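The values are calculated or read from the model by the stated rules, or taken from the named source; none is laboratory data. Everything numeric in this text was worked out from a predicted model, so none of it was measured. Here the Cβ is made from the backbone with ideal geometry for all residues, glycine too, and neighbour counts use every protein chain on show. Heads up: the accessible areas ignore ligands, DNA and RNA and are worked out on the full protein's heavy atoms, side chains in. Shrake-Rupley method; radii C 1.70, N 1.55, O 1.52, S 1.80 Å.
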Amino acid sequence: MLLITLFAFSCGGDSYDREAEKGKVIDVHDEVMPKLGEVMNLRKQVLAKATELSTDDSESDTVESLRDLAAELDAARKGMMTWMNDWSKSSKPHVGGTSTVEEQKAYFIAEMERVTKVKDNINNSIAAANKVLK
């Protein structure tokens, strides 16, 4: 009886919920993934504005700034694509529970940081583009 109690306690002592942690990471992804179309649309608009202004030499700094912004928008999109690719390659042992609880915790913390950075890059680039295109 004592062994069964000890076993049950040791198994139940760590209440880490990898599904909940996975869900938190995926929620951040799901929040910004639909914005990729907007990112690409804004990139087109920013590049069109740069092309329009490129005929005027006095606007060369503005044109360069617009091209930099278009690159920032593209980098934000690529950041999401890279994150998703990395997630699909590396998440299986952590999501499936074949890694240790410590490895799972470290993985989900790191992925939350990465996907939050992706989210911030997407939202910041969208805000910058909307400001410039007003």
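Measuring r between the beta carbons of Glu19 and Asn130 and using R0 = 41 Å, the FRET efficiency lands at 0.70. Averaging 1/r across all pairs of distinct Cα atoms in segment 18-89 and inverting the result yields a Kirkwood radius of 14.0 Å. Extents of the chain, largest first, come to 86, 24, 20 Å (Cα atoms, principal axes, whole angstrom). Per-residue Karplus couplings for segment 109-124, computed as 6.51 cos²θ - 1.76 cosθ + 1.60 with θ equal to phi - 60°, are listed in order as 5, 5, 5, 5, 5, 5, 5, 5, 5, 4, 4, 4, 5, 5, 5, 5 Hz, Gly and Pro entered as x.
In the chain, the portion of solvent-accessible area held by carbon and sulfur atoms comes to 56 percent [1.4 Å probe, whole percent, DNA, RNA and ligands not counted]. Report summary: the helix-based calculation at 222 nm, which adds -39500 (n - 2.57) for every DSSP H run with n ≥ 4 and divides by the residues of the chain, gives -29000 deg cm²/dmol.
Greater than 18 Å separation of Cα atoms is the criterion. Which listed pairs, Lys44/Lys117; Lys35/Lys119; Lys92/Lys117; Lys22/Lys119, meet it? If you can, show how the numbers build up before the last one.
Values: Lys44/Lys117 23 Å; Lys35/Lys119 10 Å; Lys92/Lys117 22 Å; Lys22/Lys119 16 Å.
As for pairs spanning more than 18 Å Cα to Cα, those are Lys44/Lys117; Lys92/Lys117.
In summary, the aspartates and glutamates within cross-link reach of Lys24, defined as a Cα separation below 18 angstrom excluding same-chain residues under 8 places away, comprise Asp86, Glu102, Glu103, Glu111, Glu113, Asp120.
Considering only protein heavy atoms, what per residue accessible area in square angstrom results for the chain with a 1.4 angstrom probe? Can you show the working numbers first?
Working: 8590 Å² over 134 residues.
Using a 1.4 Å probe on heavy atoms only, each residue of the chain averages 64 Å².
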